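*Asks:* My questions will all concern the structure given below.
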Amino acid sequence: MSGSRVLGTGSALPRRVVTNAELAETVDTSDEWIVARTGIRQRHIASADETTSTLATAAARAALADAGVEASSIGLIVLATATPDNTFPATATKVQAALGCQGGVAFDVAAVCSGFLYALATADSLLRTGMAKRALVIGAETFSRILDWEDRTTCVLFGDGAGAVVLEAPSGEAGGKDAPGILGTKLHADGDQHDLLYVDGGPSTTQTVGHVRMRGPEVFRHAVVNLADVLKEVLEDNGLTPDELDWVVPHQANARILDATARKLGIAPEKVVVTVQDHANTSAASVPLALDVARKDGRIKAGDLVMLEAMGGGFTWGASLIRM
Ligand code: UT7
């Protein structure tokens, strides 16, 4: 059977842009180091009146407009975030209220940078069961609120933003790799790697929000191996080779990870959507943000074969193959 179809995409970014040069005024770093090691040139940072839910709502509205459907037709909202407005209730319920589509299902998913892949797979599965006809899948973060601005090894890497996708339940018609929809998804987690990338606080441990801690070079090595492996897994499952992909939309953590992963699989660099220079690492928001950028600038078109992939804290990682 065919998978859930992408009807539209949208994204939202905080008003304020912070360049590497501006950051270097208060952090012991330089534009040269950040660009050479990560490819990042700037990031958007949320102001006091911008939260994960306001960014998520703006991205959701843009996705609904792009899809040409009303909020009232949305029966399911799955929102991926590691920076919710409140510990509870789920930020998805705030978005639901803001959109005025109360009554359906709304909840958050926590898988950090791979959160959007986990949310997409969850929404696709629920739509296939008939739980709802249409879903909003959102990745939204205000990582700036959990950064230690004294720690130059992490604070220069992240930014804030949101991306959203409107998904429609499978039509019930016969599928096949040319039919629009999600063709296949693979998700993984390895809880042994918890301490390489985590937040050193939480309600049940310190009763504080905590700050991001990362052993960067070790995460880097795992990222390249895990992402290349999961991409191969999804391609093999679908009887495809890397050169049959039109686009890869990766999690935007580091331009060097994107290059190394593409090289490992023999994917041409020009098929990889790269937005890390403009947004930095926006965690769960990065994949839907990059997808929206590449659709709106005309690169990704209807009928294209697109691979989404991400890896983050946990570790968690995954990839999803979509015929647009
Ligand atoms: O989103 C989830 C997944 N996250 C990732 O995938 C992130 C993966 N990791 C990375 O992207 C990279 O490891 C980093 C960008 C975090 C770091 O790059 P690196 O090339 O692995 O650098 P490093 O950590 O080995 O540090 C090299 C040097 C060190 O100095 P010494 O010890 O060689 O003297 C650091 O102290 O760079 C120094 N350094 C900095 N210098 C200027 C670290 N951060 C900075 C900084 N500005 N911001």
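*Asks:* Do the conditions hold for Asp278, that is, is it among the acidic types (Asp, Glu) and either near the ligand (Cβ under 10 Å from one of its atoms) or within 27 Å of Trp33 (Cβ to Cβ) (or both)? Working first, answer last.
*Replies:* On the way: among the acidic types (Asp, Glu): yes; either near the ligand (Cβ under 10 Å from one of its atoms) or within 27 Å of Trp33 (Cβ to Cβ) (or both): yes.
The answer is yes for Asp278.
Yes or no, residue by residue, for (1) touching a Gly at 6+ places or on another chain (Cβ under 9 Å); (2) in contact (Cβ under 8 Å) with a residue 12 or more places away in the chain; (3) assigned to a strand (DSSP E or B):
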position: Lys186; (1), (2), (3): yes, yes, yes
position: Tyr198; (1), (2), (3): yes, yes, yes
position: Gly202; (1), (2), (3): yes, no, no
position: Gln207; (1), (2), (3): yes, no, no
position: Arg213; (1), (2), (3): no, yes, yes
position: Val224; (1), (2), (3): no, yes, no
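*Asks:* Further, regarding this structure: Would you mind finding the one in Val212, Val199, Val219 that is more than 27 Å from Lys264 (Cα to Cα), touching a Leu at 6+ places or on another chain (Cβ under 7 Å) and of a type in the set (A, V, I, L, M)?
*Replies:* Going through Val212, Val199, Val219 in turn, the sole match is Val212.
*Asks:* Looking only at residues in segment 295-317 that are within 18 Å of Asp259 (Cα to Cα) and not acidic (Asp, Glu), which one is farthest from the ligand (Cβ to nearest atom)? Please lay out each step first, then the result.
*Replies:* Just the residues of segment 295-317 that are within 18 Å of Asp259 (Cα to Cα), to begin with: 306-312, 317.
In the following step, the residues that additionally are not acidic (Asp, Glu) were identified as 306-308, 310-312, 317.
Numbers: Val306: 20, Met307: 18, Leu308: 15, Ala310: 8, Met311: 6, Gly312: 4, Trp317: 9 Å.
Applying the filter and picking the extreme gives Val306.
*Asks:* Okay, next question. Scan the helices (runs of 4 or more DSSP H) fully inside segment 1-112 and keep the ones with 2 or more residues being without any contact (Cβ under 8 Å) to a residue 24 or more places away in the chain and under 26 Å from Ala223 (Cβ atoms).
*Replies:* Working: elements: 20-23, 31-38, 52-67, 91-99.
Ranges flagged: 31-38.
*Asks:* Pick from segment 232-258 the residues that are farther than 16 Å from Asp304 by Cα and assigned to a loop (DSSP other than H, G, I, E, B): which of them is farthest from the ligand (Cβ to nearest atom)?
*Replies:* Our first condition is that a residue be farther than 16 Å from Asp304 by Cα; within segment 232-258, this holds for 232-234, 236-237, 239, 251-258.
Of the ones still in play, those that are also assigned to a loop (DSSP other than H, G, I, E, B) are 239, 251-254.
Working: Gly239: 30, His251: 6, Gln252: 8, Ala253: 4, Asn254: 4 Å.
Applying the filter and picking the extreme gives Gly239.
*Asks:* Among the residues of segment 14-29, which ones are within 13 Å of the ligand (Cβ to nearest atom), of a type outside the set (Val, Ile, Thr) and buried (at least 16 other Cβ atoms within 10 Å of the Cβ)?
*Replies:* Answer for segment 14-29, where residues must be within 13 Å of the ligand (Cβ to nearest atom), of a type outside the set (Val, Ile, Thr) and buried (at least 16 other Cβ atoms within 10 Å of the Cβ): Asn20, Leu23, Ala24.
*Asks:* Sort out which residues of segment 144-179 are crowded, with 16+ Cβ neighbours inside 10 Å, of a type in the set (A, V, I, L, M) and in a loop (DSSP other than H, G, I, E, B), and write them in order of number.
*Replies:* Selection gives Leu147, Val156, Leu157, Ala169, Ala179.
No lab work stands behind these numbers, since they all come straight from the coordinates. All of these numbers come straight from a predicted model, not from anything done at the bench. Glycine gets a Cβ as well: all are built from the backbone with ideal geometry, and neighbour counts include every protein chain shown.
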